[in-house]
Structure formats: structure tokens, C-alpha cells
């Protein structure tokens, strides 16, 4: 008997159609699913399913994307946090659990991750990102993880939305901070290219807002406050070579 699997996410009102696709892709992979409805005036009818629990902003306050951690303090077993704009493959949860167990339940795992470069000059510009598109043939240590693609076991680390996420829409960074303080490593797990399928978003997105504002001063200050960040081992050659070949193939494809 394996431990239970809980999936949690936050969603916005203009993403109802995306939310349904994301939920359909993971519903059969979880024992329980938590959905934080941030700003909805109506409850989507497709949430009336056996495994799903939902919370509205009016009931729980406005948490932004960090709402996916609204239930985290009470989750036992495997906790998988996802986004509402990704279609997840049918083996998604099992691969993440394999990664957790591969590291003896001593690590957080994910698909999208970042390595920070000292000295910290900018949150967005002082990091190397391992994106959803990249092929990663071996697990890679990172400093932070995209919280829409992460998983951990409650024996390893716990999160409290009131204490650990003081500002909204910075949950990826705060997960990295809490993992660093707790001495818990984070790994981007091995996977094929384009393993996750992002859905097109026409409304608000955190990264889209930064692209418009070009202002990451708050995140940068948090990073600097937590410096120095651990020096991580070099990227395995097999990973570097796979990523390099991937982008060479992309460039060749675009020229055709």
C-alpha cells in the first residue's frame, strides 16, 4: 500500500476552460484534489466530483498563486502541486513519486527548476532555468522549483501558507528559500523533451506581468537576503549535451 497522493492548485476565473483540461489530465492519478478558486463568483460544475475539494477566495482570503499551499499544513503522504494551464501526462504523478523515492524521500522534485548565480543581480537574470521543453536525461540539483510542477512527501518537509508565503505570486522562490533553510535538496527529474504540455494563456500570468513591468526588485531582495546560495555540483555532461542538441535541432527546424 503506497501513501496517499494529494494534488493541489490555484485557478483564476478566466481560466475555467483550462482548469477543466488540467484536472482531467490528473484526476485518475490522485486520491484527493484541492482547488483554490481565487476570485470566482460561480463554482464550475465540473468540480462536483468525488475526489475534489474546493475553497473560494471569499472563504479563505485572496492568496494568489500561493493558494495551492492553502491545505499544505494538513497534507499527509505525497503532495503534488500543479498549475491550471498545463496538461499533465498519464504517468506524471508516478514519475514524480519515483523521483521522490529515488532520493529516499529526502528531496523535493519537480520538472521546471532554477539555479541562481552569485552575486545576485536580478531574480530573473541571475539564474539558469531548466524549462518544461528541455530534455533532462538525468536528475539535476537546483535551487528552486516551479511550484506548478513539484512534489514532495510530508515526511520530508511541510509548508504553511500563513508563515512561509508572505507575498503572493512568489511561491516558487519561497519554496526554494524554505528548502534551503531546512537543508532539503531540490531536483529537476529526468524526463523526455516536452513531457508537459502548457496550454495557451490569454489573460493574467505571473511571468507575463514581469515581462511588462520588468520589475523584480522584491524577489531580488529576498534572494540576496538568503545569500549565499549553496554551490551546486556541475551539470552532468549527458544533460548539458542533450540540452545543447535540443536547441540545435530547434534552430534547424525553425530555418526550414
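Only the coordinates and a few stated rules stand behind these numbers; no lab work does. Treat the numbers as computed from the prediction; the structure is a model and nothing was measured. Here Cβ is always computed from backbone atoms with ideal geometry, including for glycine, and neighbour counts include all displayed protein chains.
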Dimensions (Å) - the chain, Cα atoms, principal axes, largest first: 47, 43, 42
Between the range 116-165 and the range 215-256, the alpha-carbon center distance in angstrom: 11 Å
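Helix-derived [θ] at 222 nm for the chain: sum -39500 (n - 2.57) over DSSP H runs of at least 4, divide by residue count, nearest 500?
Dividing the helical sum by the residues of the chain leaves -9000 deg cm²/dmol.
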Antiparallel content of DSSP bridges confined to the chain, in %, to 5: 50 percent
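Got a sec? How would 171, 250 order by Cβ neighbour count within 10 Å, fewest to most? If you can, show how the numbers build up before the last one.
Details: 171 28, 250 12.
Exposure proxy ranking, most exposed first: 250, 171.
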Whether the range 124-208 is rounded, prolate or oblate, judged on the alpha carbon gyration tensor where a/c under 1.5 counts as rounded: oblate
Exposure proxy ranking, count of Cβ atoms within 10 Å, fewest first, for 83, 164: 164, 83
Rounded tilt (10° steps) of 16-26 against the dominant C-alpha axis of the chain: 70 degrees
Once the Cα gyration tensor of the range 40-93 is diagonalised, semi-axes √(5λ) in Å: 20, 16, 12
For 215, 172, order by how many other beta-carbon atoms lie within 10 Å, fewest first: 215, 172
Euclidean distance between Cα centres, the range 62-80 to the range 1-61, Å: 12 Å
Mean projection area, nm², convex hull over Cα of the range 1-104: 6.8 nm²
